[in-house]
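Enquirer: Mind looking over this structure? Questions follow.
Computed from the coordinates by the stated procedures, all read-outs in this text should not be read as laboratory data. Since the model is a prediction, treat every value here as computed from it, not as a measurement. All Cβ positions, even for glycine, are placed from backbone atoms using ideal geometry, and neighbour counts span all protein chains on display.
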Amino acid sequence: MISVHVPPIPIDVKTVFFAFEVIATFAFALSGLFVARDNKLDAVGTFIATFLAAFGGGTLRDIMLQQRPFYWVTQSELLWGILFMSVLSSLTLRMSSWLSQRMIMVADAIGLGIFSATGTHLAMLLGWPPMPCVMIGVITATFGGLLRDVVCNTKPMLMSDPTPYATCAFVGNWILLGLIEVGWMSTFWNIVVAASLIAGSRLLLAFLGIKLPQLDSH
């Protein structure tokens, strides 16, 4: 049998970032849809909540990293996709509260994992030190959900959920930097592994009901 060597297809870093950000954007947008649905917002309110959930963290990241124009300006088709989702969901979305809460949890975990990893990696590419890179990732991943909950008049998940949330992103971002340092894998797989660890740990710890110690005011 003749063996034919197929060379690996090179993956451009910008293409990788765009693909991951599309997935994360729509994951956070989906969480925004369900939170808006639970709060009985109309189509306009749903779009605002969904927009903030999807683009809030990435916009703050771009401001801090001095990236212009914002990524949702250069990729404006994402805005149209979010608008279409908002209008369609306000007309058709019907779901039990139990299932809605679990969809919010899963979608939020996916967005948390991907935006954490891509935010950290982008800061690293710009030459930021390790700790600021990690914090950029955490802020990118959590700020959109914080804005979503605030405009929906809901106690922010970031502040109220005793199960590890931002902690998963913080630890996962350090793992990402470690993977980059050892150089075992490509950019694509570094982000996949780190994002999967963050999202998976968030869901697993929430499922098991593991809680972090909280400050006692007494």
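Enquirer: Need the full-extension length gain, Leu125 to Val150, defined as separation in residues times 0.36 nm minus the C-alpha distance. One decimal, nm.
Expert: Taking Leu125 through Val150 to full extension adds about 5.8 nm, to one decimal.
Enquirer: What does the charge count around Ala141 come to, taking other residues whose C-beta lies under 11 Å from its C-beta (Lys +1, Arg +1, Asp -1, Glu -1)? If you can, show how the numbers build up before the last one.
Expert: Details: positive: Arg61, Arg202; negative: Asp108.
That sum, taken over residues with Cβ under 11 Å, equals +1.
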